[in-house]
Protein chains: 2
Amino acid sequence: MGTTKTQVFTEKQNELANILKVLGHPARLAILEQIAKQDKCICNDFVLEIDLAQATISQHLKELKKIEIIQGTISGKKMSYCINKERWEAIQGIINQFFKQNIQTNNCSI
Amino acid sequence: MGTTKTQVFTEKQNELANILKVLGHPARLAILEQIAKQDKCICNDFVLEIDLAQATISQHLKELKKIEIIQGTISGKKMSYCINKERWEAIQGIINQFFKQNIQTNNCSI
DNA sequence: ATTTATTATCGCAATATTACGATAATAGAA
DNA sequence: TTCTATTATCGTAATATTGCGATAATAAAT
């Protein structure tokens, strides 16, 4: 227990759930917002802006990298993170596809 | 520890993160899909469709109710769940607002 | 009144997540 | 080379989540 029973669900459901789960943390949203609007995006920037330990920020960055919504390049001793715009839009698309499904509004008598 | 440091983030970030977190589970996506497309939506329907114990389904329904994306009405001894369409669309809007923020694409040399 | 069907809740075990200090690893500066 | 800055990773503690069986609660059926 404690583990999600992924075998029970479709690939699509698991994939979307995983994306949403990663996005479902305020620190990760804050990081994304900051990367999106800023020019130079190194990990230390986040540490200065967001009141979390450097180790914690680094962990969150790793999660975001896993769903490929951001990517990092090494530039000297610093790390430069940026949005993977294609993936960003793809994710937006996947989410919207979910929300655009037809909703039966006549199923409940409210 | 183990707790998200919500004080550190904006109301908006926490709110969106919370919504995404709830949506970030395949069982809850499956439930939403089933409610959305079906006509009669009682808890037992989910138990028959989704291979999870009744107690587990009930718990997931509770999570979904918390963000008000679904609502339930008692009809006899059965429970009728349906999508809260207004909220559904509002959530879609909140998510899209996040994704529509301007992305600096020239921040990383890739 | 008793039984049955339906759903919520409780209590628990297993696992995951969050956060952080300490430390490693690396590159540039002195 | 030695020091410093930057970032990742390890280990760990606290808490949260997931899932389930058992049980409670309620309404309908018998």
Test A:I83 against the criterion of being crowded, with 19+ Cβ neighbours inside 10 Å, closer than 23 Å to B:Q97 by Cα, more than 7 Å from chain B (Cβ to nearest Cβ) and modelled with pLDDT under 95, and give yes or no. no
Scope region A:22-67; condition among the acidic types (D, E), under 23 Å from A:E89 (Cα atoms) and not in a helix (DSSP H, G or I); matching residues: A:D39
Taking region A:9-66 only, how many residues are among the aliphatic types (A, V, I, L, M), over 9 Å from the mean Cα position of the chain (by Cα) and within 11 Å of DNA strand C (Cβ to nearest atom)? 10
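Could you list, in sequence order, all residues of region B:1-15 that are of a type in the set (S, T, N, Q) and part of a loop (DSSP other than H, G, I, E, B)? Steps first, answer last, please.
Residues of region B:1-15 that are of a type in the set (S, T, N, Q), as a first pass: B:3-4, B:6-7, B:10, B:13-14.
Those that are of a type in the set (S, T, N, Q) and part of a loop (DSSP other than H, G, I, E, B): B:T3, B:T4, B:T10.
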Can you name the residue in region B:49-77 that is loosely packed, with under 14 Cβ neighbours inside 10 Å and among the charged types (D, E, K, R) and, of all such residues, is nearest to B:L20 (Cα to Cα)? B:K66
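The values are calculated or read from the model by the stated rules, or taken from the named source; none is laboratory data. Because the structure is a prediction, the values reported are computed rather than measured. Cβ atoms come from the backbone with ideal geometry, glycine included; neighbour counts cover every protein chain shown.
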